[in-house]
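What follows is a single structure, written as structure tokens, with notes after it.
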Amino acid sequence: MSTATRFDLSQKDIPEAWYNIAADVPEPMPLHLHPGTQQPVPPEMMETIFSKGVVEQELSTERWIEMPEPVREVLALWRPTPLLRSVRLERALDTPAHIYYKYEGTSPAGSHKPNSAVPQAWYAKQAGIKRLATETGAGQWGSSLALACKLFDIECNVYMVGSSYRQKPYRRMAMETWGATVHASPSSETAFGRRFRAENPDTAGSLGVAISEAVEDTMTHPGTRYALGSVLNHVCLHQTVIGQEALRQMELAGEYPDVVIGCAGGGSNFAGIAFPFARRNLKEGCKTRLLAVEPSSCPSLTRGEYRYDFGDVAMTTPLLKMYTLGNDFMPPALHAGGLRYHGMAPTVSHLHSLGLIESRAYAQTEVFDAAALFARTEGLIPAPESSHAIKAAIDEALDAKKEGKPRVIVFNLSGHGLLDLTSYEAHLNGSLNM
């Protein structure tokens, strides 16, 4: 087994196609439904909200979808991202487990989110769209889309969940530096935002509210389309560059994972690392466990219902078959703002319903304990969202220690936490709860 700690690929190893798990699931994916007719949503309806290119991907059952060369060229600014072995963390835990992490914080926006923001902006550009509207939780998606829109000369309008807008001012500043306009949601920019704020004056906001505002913005501004940072099939598809690279890097390491872990809010980060390994399980008989980790304060997979629900509070989106806490669920203003969503991606939900993936939920305080240990051993300060995966990886490593057996663990460190230091301050001074 390799004793190296870092496994890098070259730019020629950037995947040439995205992997679509809809082609390989043992039971067909449930279709998105029209909220009025309860019938499958026709493509032309979705194209009033999304770019034509991403609608085609959303509805596709093709296994491999070719990545446009201009998209690969932009991704080459930071891809392939490194895979590293956490030898110092292993020593601190005194575990026989080998812990690897795929580090997505090397992107200009500091997270995995540009993997989907770049193709969504490119497809919008090809369709002649001049303006994109979106929502963002922790700000990682908003900053990624702001960057991508600037690269392709598209206007970007972002509705940022109010609690994150206040907790994470530097995320907002990053978006504005890349030329985006940012509103605290619920805002005064939309009829729904004004009404929701009047009815809930003390609200922290939520991704469901921000999505409602972004969709309304799209429908009321000619030449605008909506871009979503998680949940939908095409977003999960774009993120599979992560797992495809990780497969090749584990070959360089001379090992294969017993468990692959990702944090899960809307689901795209988990899907990105896990779906290529799920394909190996489904098509080649591999037995890797796939573990999605969520906050106990917003536990859609571990405590939600698997049913059709709206993706937003205003009930303007198509109905999606997913694990959900209810589209009107208002999560607490936890610091892992990117995980504050009431539902889980339909693809992730489908695999969970079939028993092909596992789920686990953690409280915020224990997650930050794990993040601090990782920072003090490995040096990197992880994003609060990613720290849920770190906590699970530590627990898996400690289980291996109890069993006295080796275990190969891979997790996705989906972004750095250098713009989340107020969260760490709250953890260190003892004011963090939940």
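Values computed for the structure shown
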| read-out | value |
| --- | --- |
| Modelled FRET efficiency - R0 35 Å, Y170 with T365, Cβ distances, 0.05 increments | 0.90 |
| Over the chain: Rg over Rh, Cα atoms, Kirkwood Rh | 0.94 |
| For a label point 7 Å along the Cα-to-beta-carbon line of R248, residues of segment 115-129 with backbone N under 13 Å | none |
| Separation of the Q11 and E199 label points, Cα + 7 Å toward Cβ, nm | 5.1 nm |
| Cα-derived Rg over Rh, computed across segment 108-150 with Rh taken as Kirkwood radius | 0.96 |
| Segment 282-387, Cα convex hull volume normalised per residue, Å³ | 122 Å³ |
| The chain: Cys lacking any partner C-beta under 4.7 angstrom | C236, C263, C286, C298 |
| Full-extension gain in nm, L354 to T220, via 0.36 nm per residue minus C-alpha separation | 44.3 nm |
| Gyration tensor (alpha-carbon) shape descriptor, segment 73-200, a/c threshold 1.5 | oblate |
| Förster-model FRET efficiency, 30 Å R0, R280 and L77, C-beta, rounded to 0.05 | 0.55 |
| Top of Q140, Q167, Q126 by mean-square fluctuation, Gaussian network on the chain, Cα under 10 Å | Q126 |
| Listed residues V87, V367, V348, most fluctuating in the chain (Gaussian network, C-alpha, under 10 Å) | V87 |
| Segment E47-T377, length gained on full extension (0.36 nm per residue, minus Cα span) | 114.0 nm |
| Tail weight of P(r) past 13 Å, computed on alpha-carbon pairs of segment 262-317, percent | 68 percent |
| Estimated [θ] at 222 nm from DSSP helical runs (n ≥ 4, -39500 (n - 2.57)) normalised by residues in the chain, nearest 500 | -12000 deg cm²/dmol |
| Separation of the S431 and S188 label points, Cα + 7 Å toward Cβ, nm | 2.8 nm |
| Label-zone membership for segment 23-53, site Y308, 7 angstrom Cα→C-beta point, backbone N under 14 Å | 30-42 |
| Cα-Cα pairs of segment 1-113 separated by more than 16 Å (percent) | 74 percent |
| For segment 45-90, alpha-carbon Rg and Dmax in angstrom | 17.1, 52 |
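Throughout, read-outs are computed from the coordinates displayed, never taken from laboratory work. Everything numeric in this text was worked out from a predicted model, so none of it was measured. As a convention, Cβ positions derive from the backbone with ideal geometry for all residues, glycine included, and neighbour counts pool all protein chains shown.
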